[in-house]
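K.L.:
Could you have a look at this structure, given as structure tokens, before my questions?
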Amino acid sequence: PDDFGALALMSALAATVGTIASGRYEMVCIVAPHDEVGNATARQAASVASWLSVFAGVLFTGVSVALYLGFGGVGEPSVVIFGIPVLIALTGIGGAQVLLDTRLGNYGLLAVLTVVRSVGVVIGQVTWGHFHPSLSALIVPFVAFSAIPLVRLLWLLRLHPARNTMTTKEFLSRYRTYPIFQVPAALANSLSSNIIVFALGGAYGVASVG
């Protein structure tokens, strides 16, 4: 139960923070005009959102250490401490990749990637669990297959290199309404989905969550 509880807390925390780590700049992929300039802006939005997610993940390493110690050191230190920041970064990158692929009309590929990721996590956890019957059996395959959106996004940006029409500073300023208005809404929505996990974990420990 402790390992399953730690996995649930890590996933809930990563989903909550990862959803807003990008500043919701990836939403620009939807609203940008459907022309050459708009496509360049969409690629820049995906890139900016991904870098912000990575930056947020790095910053969250310290919080991961505090959480690990606060919950009595449950689970393997390396998996818990580094797993949460990596999942945060990959969550933000995944959102950017999905919206950029959606803009480009790659719906079939999106469906295939979703199935591969889901099935791969399950198979990975079953097989990896035979060799590492612990928290790593749950989280390592989860992280590994969550990297699929990262690989896909890197490939997309390689195929369609962004010819930025503005500097990163100009981009962040021009679309600043996204972090101002969309981040609170996304945070509230994510918290409403995960509040029971945080409540049980905080009140009764990770075993109760598991």
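K.L.:
Condition (residue is within 14 Å of Gly18 (Cα to Cα), free of Cβ contacts under 8 Å to residues at least 60 places away in the same chain and within 21 Å of the chain's Cα centre (by Cα)) applied to the range 194-207: is it met by at least one residue?
P.N.:
No: zero hits.
K.L.:
Which residue out of Val65, Val58 is free of Cβ contacts under 8 Å to residues at least 60 places away in the same chain, of a type in the set (Val, Ile, Thr) and open to solvent by less than 70 Å² (accessible area, probe 1.4 Å)?
P.N.:
Selected residue: Val65, the only one of Val65, Val58 that is free of Cβ contacts under 8 Å to residues at least 60 places away in the same chain, of a type in the set (Val, Ile, Thr) and open to solvent by less than 70 Å² (accessible area, probe 1.4 Å).
K.L.:
Here's another thing I want to ask about it. I'm trying to understand the selection: among the residues of the range 68-77, which are open to solvent by less than 50 Å² (accessible area, probe 1.4 Å) and either of a type in the set (Ser, Thr, Tyr) or under 21 Å from Val121 (Cβ atoms) (or both)?
P.N.:
Matches in the range 68-77: Tyr68, Gly75.
K.L.:
I need the full set of residues from the range 124-165 which are outside any helix (DSSP H, G or I), of a type outside the set (Ser, Thr, Tyr) and modelled with pLDDT under 85, in order please.
P.N.:
Passing the criteria: His132, Pro133, His160, Pro161, Ala162, Arg163, Asn164.
K.L.:
Have a look at Trp128, Trp155 and point out the one that is loosely packed, with under 15 Cβ neighbours inside 10 Å and among the aromatic types (Phe, Trp, Tyr).
P.N.:
Trp155
K.L.:
Being open to solvent by 40 Å² or more (accessible area, probe 1.4 Å), β-branched (Val, Ile, Thr) and over 19 Å from Asp101 (Cα atoms) is true for just one of Val86, Val17, Val37, Val80. Which residue is that?
P.N.:
One residue alone meets the criteria, Val86.
K.L.:
For residues in the range 39-73 being over 19 Å from Thr177 (Cα atoms), among the aromatic types (Phe, Trp, Tyr) and within 19 Å of the chain's Cα centre (by Cα), which is modelled with the lowest pLDDT?
P.N.:
Here the residue is Phe60.
K.L.:
Taking the range 26-43 only, how many residues are touching a helix residue (DSSP H, G or I) at 6+ places or on another chain (Cβ under 7 Å) and not polar (S, T, N, Q)?
P.N.:
8
K.L.:
Pro184 versus (1) in contact with a Leu (Cβ under 9 Å, 6 or more places away or on another chain); (2) assigned to a helix (DSSP H, G or I): which is the lone unmet condition?
P.N.:
All conditions pass for Pro184, except number (1).
K.L.:
Test Gly94 against the stated conditions and say whether it is modelled with pLDDT under 90 and either surrounded by 13 or more Cβ atoms within 10 Å (Cβ to Cβ) or in contact with a strand residue (DSSP E or B) (Cβ under 8 Å, 6 or more places away or on another chain) (or both).
P.N.:
no
K.L.:
Further question: Return yes or no: is Val116 within 19 Å of the chain's Cα centre (by Cα) and closer than 15 Å to Phe142 by Cβ?
P.N.:
Spelling it out, Val116 is indeed within 19 Å of the chain's Cα centre (by Cα) and closer than 15 Å to Phe142 by Cβ.
K.L.:
Would you mind finding the one in Gly83, Gly23 that is touching a helix residue (DSSP H, G or I) at 6+ places or on another chain (Cβ under 7 Å), assigned to a loop (DSSP other than H, G, I, E, B) and small (Gly, Ala, Ser)?
P.N.:
Criteria check complete, one pass: Gly23.
The values are calculated or read from the model by the stated rules, or taken from the named source; none is laboratory data. All values derive from a computational prediction rather than experimental measurement. All Cβ positions, glycine included, derive from the backbone under ideal geometry; neighbour counts span all protein chains shown. For accessibility, only protein heavy atoms count, side chains too; no ligands or nucleic acids. Shrake-Rupley method; radii C 1.70, N 1.55, O 1.52, S 1.80 Å.
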